[in-house]
Amino acid sequence: MTKLVVANWKLNPLGLKEAISLAKRTDLKNAIICPPFIFIEEVGKTIKRAKLGAQDAFWANIGAYTGEVSIDQLKRLKVKYIIVGHSERRKELEETDAMINLKIKTAVREKVTPILCIGESKSIYKKGIKATENHLKKQLTKDLSGVKKRSKLIVAYEPIWEIGSKRADTPQRSIKMVGFIRETLDKLGHRGVKILYGGSVHGDNANIFLDEKNIDGVLVGGASLKPHDFRKIVDEAK
Ligand code: 13P
């Protein structure tokens, strides 16, 4: 089965010309490209094979919410996926599980697939497997509270300490964690959810994760800005 490769461009690139060029060079089947909001419309018009995603969205579709972008607005630009609860938003913007839960519910209602990001900090990781499992379970339980069973969902496991670290988690540990996440999702009544791994995935280590039966794809930051590296990851996903 072909796996998913999600490109999270984060705050890149600087201008529209570079965004269009990057989109053209990473427009591959089974890729989901998530540019910054300002480039979404033009990237959407550029790509033919990849799908379009956003890095966030607000939970309300109408109302006075300065600076926010609604899922309804994004849908009109052909956005099919929305990253929700990325650790950078949880940390830098103090996004809470309650906010994330509202965003997921709206995405599900609007038939846009949420890519829910969960993962432990370095200090939790250091406390051991049990502490990590408790943290992941807590995040899943709160973030998916009241979300209709059998909703189309993707969960991305991103150990925070692996993001941008230039090395990736030992596969044995992530495989174990992904197994735990699947077990927890099953218990919560969410079966058949795709689970991705994210955190320093690049062309030379993607196969370690993508060859794993239990891992359905990867969420890629830095390497998604390097077309050669990104193409290698997508090739590994076939
Ligand atoms: P890096 O691939 O740069 O470590 O980023 C991972 C990430 O945060 C993707 O959402």
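All of the numbers you see were taken from the coordinates with simple rules; none came from a lab. Remember, predicted model here, so these are calculated numbers, not experimental data. Cβ: placed from backbone, ideal geometry, glycine included. Neighbour counts: every protein chain shown.
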For this session: Using all C-alpha to C-alpha distances in the chain, build P(r) with 5 Å bins and read off the rounded percent in each one.
Result: 1, 7, 15, 19, 21, 18, 12, 5, 1, 0
Problem set entry | Nonlocal amide H pairs with ILE32, under 5 Å, H built at 1.01 Å | VAL5, VAL6, ALA7, LYS51
Exercise. How many angstrom lie between the C-alpha centres of the range 192-238 and the range 97-117?
Worked result: 23
For this session: Express the relative contact order of the range 152-238 as a whole percentage, based on alpha carbon pairs under 8 Å and six or more residues apart in sequence.
Result: 32
Exercise. Stretched out fully, how many nm does the piece from ILE62 to LEU11 gain, at 0.36 nm a residue minus the Cα gap?
Worked result: 15.8 nm
For this session: Calculate, for THR170 and LYS80, the FRET efficiency according to 1/(1 + (r/R0)^6) with r their C-beta to C-beta distance and R0 30 Å; round to the nearest 0.05.
Result: 0.40
Seminar exercise, completed: From DSSP H assignment alone, runs of 4+ in the chain each adding -39500 (n - 2.57), the sum over residues rounded to the nearest 500 puts [θ] at 222 nm at -12000 deg cm²/dmol
Problem set entry | Rough spin-label spacing in nm, given labels placed 7 Å along Cα→Cβ, for LYS148 and ALA98 | 2.5
For this session: May I ask you to derive the FRET efficiency for ASP211 and ILE129 from their Cβ-Cβ distance with R0 = 25 Å, giving the value to the nearest 0.05?
Result: 0.65
Problem set entry | For the range 165-229, diffusion coefficient by Stokes-Einstein and Kirkwood Rh (Cα), 20 °C, 1.002 mPa s, µm²/s | 172
Seminar exercise, completed: Restricted to the range 1-99, the DSSP antiparallel beta bridge percent, nearest 5, is 0
